[in-house]
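Peer 1: My questions all concern the structure below.
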Amino acid sequence: MKASAFSYARATSVGNALDLLVAHGEKAKVLSGGQSLMPAMNLRLISPELLVDIGELAELRGIELKGDVLSIGALTRHVDLLNSPEIAVHVPLLTQAIAHVAHPAIRNRGTLGGSLAHADPASELPACMVALNATIIVRGQDGERRVAAEDFFTGIYETALSAQELLVAVEVPVAREGSAHFFHEFARRHGDYAIVGVAAQAIVQGGVFSDLRVAFFAVSDRPILAAAAARLVNIPVTPAILSEASTALGEELDPQEDQQASAAMRRHLAKVLLVRCVSTLLDRTDLDGGPA
């Protein structure tokens, strides 16, 4: 199957792109890497009348350290994130997560902004942004606004981005002293959509979490920041406490059921991942026997 007929415009600047989006509204779609948009169009899941190609806007590409945040342009490709020494030093969670995104051909074309704007609930990068407490920079004709990642994703393929706005950059806090991270996903094969996955960012001081953000993906219509993780902060974690947090997580999640897994299986795997995550972050092998 091929896409319905559509018009095409290559934006010459961010301002030009915004003009086109304002003029055409919901009938237009932004093309960056195209790795999610084009398959959806070919399957006729969406049929925009106009594609606004922003792929040549160099101002939306690049990685720059600005004080205590790392600013990443929306058109920065997955492969650039994977190979970036700045990302490896300041946001190592992203380096680890990107290796799980699809396959090299996809990573060579796909962009950070495209992935976030697409908002696939099984995608790795939205969960990473939530775990990292990132800020999404959105630009419209009236100026920029800043949206916390936790508030940006609003549903399946839905975000706080309006049809007249562009996602232009992401700001991620750099790793602080005592920072630790964890990423893992269960998938049938490497590169497949995750059945359940987790991205976590923590501060560990004296064997205790002073901060812990655990974001699950593929268990809801958006990335879920686990409230149960708060039970593990500022106290020595014992197997019993981890068991309580695991139980609370199971009660907190309401996973969907599909051809890949039942809701019960997803809930079980999420609890397994929480135990692995906490054990790894604290370097505590005695916690591995915690309940799944």
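Peer 1: Starting from the range 78-102, keep only residues that are farther than 16 Å from ALA169 by Cα and free of Cβ contacts under 8 Å to residues at least 24 places away in the same chain, then list their pairs with residues that are assigned to a helix (DSSP H, G or I) and β-branched (Val, Ile, Thr) whose Cβ atoms are within a distance under 7 Å, requiring at least 6 positions of separation or different chains.
Peer 2: Every condition considered, the pairs that remain are ALA88/THR95; THR95/ILE87.
Peer 1: Being at pLDDT 95 or above, in contact with a helix residue (DSSP H, G or I) (Cβ under 9 Å, 6 or more places away or on another chain) and either closer than 16 Å to PHE183 by Cα or of a type in the set (Gly, Ala, Ser) (or both), is that true of even one residue in the range 103-113?
Peer 2: So far as the range 103-113 goes, yes, one or more of its residues are at pLDDT 95 or above, in contact with a helix residue (DSSP H, G or I) (Cβ under 9 Å, 6 or more places away or on another chain) and either closer than 16 Å to PHE183 by Cα or of a type in the set (Gly, Ala, Ser) (or both).
Peer 1: Residue check: is HIS78 assigned by TED's automatic domain parsing to the domain that holds PRO126 and crowded, with 21+ Cβ neighbours inside 10 Å?
Peer 2: For HIS78, the condition - assigned by TED's automatic domain parsing to the domain that holds PRO126 and crowded, with 21+ Cβ neighbours inside 10 Å - is met.
Peer 1: Next up: Is there a residue being of a type in the set (D, E, K, R) and under 14 Å from GLY197 (Cα atoms) anywhere in the range 272-281?
Peer 2: Yes, the range 272-281 contains a residue that is of a type in the set (D, E, K, R) and under 14 Å from GLY197 (Cα atoms).
Peer 1: Report every pair of residues separated by at least 6 positions or lying on different chains whose Cβ atoms are under 9 Å apart, first residue within the range 41-55 and among the polar types (S, T, N, Q), second surrounded by 20 or more Cβ atoms within 10 Å (Cβ to Cβ).
Peer 2: Pairs that qualify, where the first residue is among the polar types (S, T, N, Q) and the partner is surrounded by 20 or more Cβ atoms within 10 Å (Cβ to Cβ), are SER47/MET41.
Peer 1: Next up: Just to check your reading of the model, which residue among GLY33, GLY25 is surrounded by 21 or more Cβ atoms within 10 Å (Cβ to Cβ) and not assigned by TED's automatic domain parsing to the domain that holds LEU125?
Peer 2: GLY33
Per-residue answers, yes or no, for (1) over 23 Å from VAL79 (Cα atoms); (2) assigned by TED's automatic domain parsing to the domain that holds HIS90:
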residue	(1), (2)
PRO121	no, yes
MET129	no, yes
ARG145	yes, yes
SER210	yes, no
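Peer 1: Consider the range 121-168. How many of its residues are closer than 21 Å to GLU257 by Cα, in contact (Cβ under 8 Å) with a residue 60 or more places away in the chain and buried (at least 17 other Cβ atoms within 10 Å of the Cβ)?
Peer 2: 7
Peer 1: Can I ask one more? Counting only residues that are under 25 Å from GLY178 (Cβ atoms) and either among the aliphatic types (A, V, I, L, M) or free of Cβ contacts under 8 Å to residues at least 40 places away in the same chain (or both), how many does the range 249-292 have?
Peer 2: Number of matching residues: 12.
Peer 1: Hey, ALA175 hits all of (1) crowded, with 20+ Cβ neighbours inside 10 Å; (2) farther than 30 Å from LYS29 by Cβ; (3) of a type in the set (A, V, I, L, M) but one; which does it fall short on?
Peer 2: Status for ALA175: all satisfied but (1).
The values are calculated or read from the model by the stated rules, or taken from the named source; none is laboratory data. Here the structure is a predicted model, which means the values were calculated and not measured. Glycine also receives a Cβ, built like all others from the backbone with ideal geometry; neighbour counts cover every protein chain displayed.
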